[in-house]
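This report concerns only the one structure given below.
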Amino acid sequence: MNISTQPYSLAKNLSCSNCKQEYSITEINSYATCCNKPLVVDYDLLSAPPKSVLDLTEHTMWRYSVLLPVLSKQNIVSLGEGMTPIHHLNKMAREYGFDKLLMKDESFNPTGSFKARGISMAISKAKELGITKCIVPTAGNAGGALAAYCAKAGIKCTVVMPSQTPAVFKQECELYGADLILVDGLINDCAKKASEINNNNKYFDISTLKEPYRIEGKKTMGYEIAEQLNWQLPDVIIYPAGGGTGLIGIWKAFKEMKEMGWITCPLPRMIAVQSKNCAPILHALNDIENWKTMFTPMATVANGLAVPYPFGMDMMLQVLKESGGTSIAISEADIVSGVKEISKMEGLLISPEGAATWKALLQLRQQKIIAANETVLMLNTGSGYKYIDNLN
Ligand SMILES: *Cc1c(COP(=O)(O)O)cnc(C)c1O
Ligand SMILES: [Zn+2]
């Protein structure tokens, strides 16, 4: 296929996130074997396409198709993901003395989390590349999303999940027709199991950042934040980080928009929030050589944050450094009390991961890392309804 004759997408190629070696976007790739690092999608932005390339009649993340890697519209597998609302948390702002608190609410996505964005993209590309069988290790939400999009695409799906994950995350996979395999341990143990099952490479592995396109789906959050705020950006973005695709993706979107001249404002400081039970980013910020040996990972009620050894660690640290951001870890008790407080104050039953961003904001305000007059945008990455049994 000759990409240059396809006006539908400006995607050019994949490249190694470390050494920039190029890989094809029309062949099946997983990660950059040159450096054992994630691949990223490169676009032809030199032509500086105007904002009018956006498809404003499309009220999903696919309005940004020109800046996404699917080359042919007919391959899109969509359940209506993206274009989620940004709430103004006026009551909480008043109560705690902030000028402007915003929350982008990803609980509106299909299957109740922002995983839908990444998986819609991955499965659309999988369809474009002729893939028929997928497997994913997951902490919960990615499994449900993969099962749903595979059902829609007619792709066979296997999900490997920690056995202690709340029942609803397991039930949705089975209802969407996926094969579900349970493992005692965390997502890294599930990843081991998934590669055992896949030792003959019959499945395509959709693991975070070992698949090049989920990040492009998550990237659309960055485009939406800019468009919804009239091409201005907040001073600070607080993101609950697990594998880090959202953090890396949002930052990639900001840099692409800068390059195209769509935004001229300063870029936000990016804050990565973790659980005290599993905070590899904090350890890596302190000691990039030895972080993997510096903690014993534990499960957390915010199961999306229980990713002890993220494959994209270098890329996350790069975003924190370039943006002038930092990382902070929140206790289990604070995460649960955060969910309850936001439900009562704002009428939003958000995920524990989302609630962790609120507790992070309070602590960073106290440490004077965030000022009361700064515009802060928190990401609620999922619906609290899936976690209700664990919120006691
Ligand atoms: C997966 C997940 C996260 C972490 O997302 P990454 O892209 O892996 O950093 C945060 N919140 C929820 C609800 C999730 O499902
Ligand atoms: Zn490389």
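Just the residues that are out of contact with any helix residue (DSSP H, G or I) (no Cβ under 6 Å at 6 or more places or on another chain), of a type outside the set (A, V, I, L, M), surrounded by 17 or more Cβ atoms within 10 Å (Cβ to Cβ) and part of a helix (DSSP H, G or I), please, taken from the range 48-68.
Residues satisfying the conditions are W62, R63, S65.
Please find, within the range 288-303, the residue that is nearest to the chain's Cα centre (by Cα) out of those that are in a helix (DSSP H, G or I) and not β-branched (V, I, T).
Filtering first and then ranking leaves N303.
Residues of the range 26-35 being away from ligand 1 (no atom under 16 Å from the Cβ) and either closer than 18 Å to T245 by Cβ or outside any loop (DSSP other than H, G, I, E, B) (or both), which ones?
Correct list: N29, S30, A32.
Would you tally the residues in the range 275-289 being surrounded by 23 or more Cβ atoms within 10 Å (Cβ to Cβ) and closer than 12 Å to S331 by Cα?
Within the range 275-289, residues that are surrounded by 23 or more Cβ atoms within 10 Å (Cβ to Cβ) and closer than 12 Å to S331 by Cα number 3.
When the residues of the range 290-307 are filtered to those that are within 14 Å of P240 (Cα to Cα) and not small (G, A, S), which remaining residue is surrounded by the fewest Cβ atoms within 10 Å (Cβ to Cβ)?
Among those that are within 14 Å of P240 (Cα to Cα) and not small (G, A, S), it is V301.
Exactly one of these conditions fails for I388: (1) more than 19 Å from the chain's Cα centre (by Cα); (2) assigned to a loop (DSSP other than H, G, I, E, B); (3) hydrophobic (A, V, I, L, M, F, W, C). Give me its number.
Every condition holds for I388 apart from (2).
Before we move on, is G144 more than 16 Å from ligand 2 (Cβ to nearest atom) and more than 19 Å from the chain's Cα centre (by Cα)? Spell out how you get there, then give the answer.
Numbers: more than 16 Å from ligand 2 (Cβ to nearest atom): yes; more than 19 Å from the chain's Cα centre (by Cα): no.
In short, no.
Look through L71, L45, L102 and report the one residue that is more than 16 Å from ligand 2 (Cβ to nearest atom), in contact (Cβ under 8 Å) with a residue 40 or more places away in the chain and part of a strand (DSSP E or B). Outline the logic, then answer.
Details: L71 fails: part of a strand (DSSP E or B); L45 fails: part of a strand (DSSP E or B).
Matching residue, one of L71, L45, L102: L102.
Could you list, in sequence order, the residues of the range 158-189 that are of a type in the set (A, V, I, L, M, F, W, C), modelled with pLDDT under 95 and touching a Ser or Thr at 6+ places or on another chain (Cβ under 9 Å)?
The answer is I187, and nothing else.
Okay, residues lined up against (1) assigned to a loop (DSSP other than H, G, I, E, B); (2) within 13 Å of ligand 1 (Cβ to nearest atom); (3) out of contact with any helix residue (DSSP H, G or I) (no Cβ under 8 Å at 6 or more places or on another chain):
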residue: C157; (1), (2), (3): no, no, no
residue: G185; (1), (2), (3): yes, no, yes
residue: D189; (1), (2), (3): no, no, yes
residue: K193; (1), (2), (3): no, no, yes
residue: N200; (1), (2), (3): yes, no, yes
residue: T208; (1), (2), (3): yes, yes, no
residue: K218; (1), (2), (3): no, yes, no
residue: L247; (1), (2), (3): no, yes, no
residue: F254; (1), (2), (3): no, no, no
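For the range 220-245, enumerate the residues that are outside any helix (DSSP H, G or I) and near ligand 1 (Cβ under 10 Å from one of its atoms).
Those that are outside any helix (DSSP H, G or I) and near ligand 1 (Cβ under 10 Å from one of its atoms): Y239, P240, A241, G242, G243, G244.
Residues S52, S24: which one is without any contact (Cβ under 8 Å) to a residue 24 or more places away in the chain, among the polar types (S, T, N, Q) and within 16 Å of ligand 2 (Cβ to nearest atom)?
Details: S52 fails: within 16 Å of ligand 2 (Cβ to nearest atom).
Going through S52, S24 in turn, the sole match is S24.
Can you report the number of residues in the range 304-325 which are under 23 Å from S163 (Cα atoms) and part of a helix (DSSP H, G or I)?
2
In the range 75-84, is there at least one residue being hydroxyl-bearing (S, T, Y) and assigned to a loop (DSSP other than H, G, I, E, B)?
Yes, because at least one residue in the range 75-84 is hydroxyl-bearing (S, T, Y) and assigned to a loop (DSSP other than H, G, I, E, B).
On the basis of being surrounded by fewer than 24 Cβ atoms within 10 Å (Cβ to Cβ) and farther than 23 Å from S195 by Cβ, does A116 make the cut?
no
Just need a number here: residues in the range 69-96 that are of a type in the set (S, T, N, Q) and within 26 Å of L129 (Cβ to Cβ). Steps first, answer last, please.
Step one: list which residues in the range 69-96 are of a type in the set (S, T, N, Q), which gives 72, 74-75, 78, 84, 90.
Retained after the next criterion (residues that are within 26 Å of L129 (Cβ to Cβ)): 72, 74-75, 78.
Going through the range 69-96 one residue at a time, the tally reaches 4.
Might you let me know whether the range 340-359 holds any residue that is assigned to a helix (DSSP H, G or I), farther than 23 Å from G143 by Cβ and of a type in the set (F, W, Y)?
Yes, the range 340-359 has at least one match.
Restricting to the range 256-287, count the residues that are in a helix (DSSP H, G or I) and either of a type in the set (A, V, I, L, M, F, W, C) or touching a residue at least 12 places away in the same chain (Cβ under 8 Å) (or both).
Residues of the range 256-287 in a helix (DSSP H, G or I): 256-260, 280-286.
Next, from what is left, pick out any that are either of a type in the set (A, V, I, L, M, F, W, C) or touching a residue at least 12 places away in the same chain (Cβ under 8 Å) (or both): 256-257, 259-260, 280-285.
Summing the residues that are in a helix (DSSP H, G or I) and either of a type in the set (A, V, I, L, M, F, W, C) or touching a residue at least 12 places away in the same chain (Cβ under 8 Å) (or both) in the range 256-287 gives 10.
Which residue pairs have Cβ atoms under 6 Å apart, sit 6 or more places apart or on different chains, and have a first residue in the range 237-251 that is over 15 Å from G324 (Cα atoms) and a second that is within 16 Å of ligand 2 (Cβ to nearest atom)?
Hits for this filter: G244/G312.
Kindly indicate whether any position in the range 300-312 is closer than 22 Å to I215 by Cβ and of a type in the set (F, W, Y).
Within the range 300-312, one or more residues are closer than 22 Å to I215 by Cβ and of a type in the set (F, W, Y).
The values are calculated or read from the model by the stated rules, or taken from the named source; none is laboratory data. Note that this is a predicted model, so its numbers are computed, not measured. Using ideal geometry, Cβ is built from the backbone for each residue, glycine included, and neighbour counts are taken over all protein chains shown.
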